[in-house]
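Here's the structure, in structure tokens; my notes come after.
The values are calculated or read from the model by the stated rules, or taken from the named source; none is laboratory data. Just so it is clear, the model here is predicted, and its values are computed rather than measured. Quick reminder, even Gly has a Cβ in these numbers, built from the backbone with ideal geometry, and neighbours come from all protein chains shown.
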Amino acid sequence: MALALDSQLIDDARCGGAALDRLIETVWPEAFRIAKTILRDRALAEDAAQEACAAIARGLPELRDSARFCSWSYKAIVRHAIAVSRRRSPMQSLETLDERGIAHDATDALDLAAALAALPVSQRAVVVLHYYAGFKSREIAAATGTSAVTVRFHLMLARRALRAALTSNDAAPAPRPEAADAR
């Protein structure tokens with residue numbers, strides 16, 4: 001779901017005031033969703049979305065073409081999510097893992113959210129922008145500050161990792177009922 005904004009609102013928001021407040025209110029939910037999908041943590045996503053919205057508000061007067069607002073704002077959101085992920089602590093509690101829906105028991109089923117969370121943040125960002133926001137390689141490259149070739153490479157690696165994680169989960173044999181009854 002990409003942002004759909006009226007160019008007049010964007011032009012009016014350049015002057016600040018109520019129009020800027022309306023623009024940020026419109027951008028906030030999408031910024032939070034993108035950041036949460038990348039970071040897999042509500043508190044970190046809030047921080048990243050707030051930082052991205054502040055950057056959008058500060059940088060809006062320099063945006064020359066209102067038609068580029070969506071890709072420009074996604075670029076800010078992704079960059080701030082990646083920056084927050086680099087600052088976060090690598091240690092996480094089991095409560096955080098449970099809250100995020102990531103199984104910490106090897107017998108638990110692996111779902112798409114957990115497989116996505118296991119990807120490096122650079123690959124996760126590319127997957128989110130490609131599948132969630134519908135961006136093409138060159139748009140993702142602009143948003144992440146990399147080349148389109150790098151984007152396609154990260155997308156390929158991410159697809160392979162997701163396929164392997166989900167396939168290995170599907171291939172795990174289900175417990176046989178007769179084995180349980182034999183005990």
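Looking at (1) touching a helix residue (DSSP H, G or I) at 6+ places or on another chain (Cβ under 9 Å); (2) modelled with pLDDT under 85, which one does A106 not meet, given that it meets all the others?
(1)
Tally time: how many residues in region 34-43 are out of contact with any Lys or Arg (no Cβ under 9 Å at 6 or more places or on another chain) and without any contact (Cβ under 8 Å) to a residue 60 or more places away in the chain?
2
Mind listing whichever residues of region 55-76 are surrounded by fewer than 17 Cβ atoms within 10 Å (Cβ to Cβ) and either in contact (Cβ under 8 Å) with a residue 60 or more places away in the chain or over 20 Å from E25 (Cβ atoms) (or both)?
Scanning region 55-76 gives E62, R64, D65, A67, R68.
Considering each of Q50, Q8 in turn, give the residue that is part of a helix (DSSP H, G or I), surrounded by fewer than 15 Cβ atoms within 10 Å (Cβ to Cβ), touching a helix residue (DSSP H, G or I) at 6+ places or on another chain (Cβ under 9 Å) and free of Cβ contacts under 8 Å to residues at least 24 places away in the same chain.
After ruling out the rest, the residue left standing is Q8.
I need a count of the residues in region 143-157 that are small (G, A, S), at negative phi and either surrounded by fewer than 18 Cβ atoms within 10 Å (Cβ to Cβ) or modelled with pLDDT of 90 or more (or both).
Residues in region 143-157 being small (G, A, S), at negative phi and either surrounded by fewer than 18 Cβ atoms within 10 Å (Cβ to Cβ) or modelled with pLDDT of 90 or more (or both): 2 in total.
Could you check region 112-141 and list, in sequence order, the residues that are touching a Lys or Arg at 6+ places or on another chain (Cβ under 6 Å) and farther than 18 Å from K36 by Cβ?
S137
Among (1) under 16 Å from the mean Cα position of the chain (by Cα); (2) without any contact (Cβ under 8 Å) to a residue 12 or more places away in the chain; (3) at positive phi, where does G17 come up short?
For G17, the failing item is (1).
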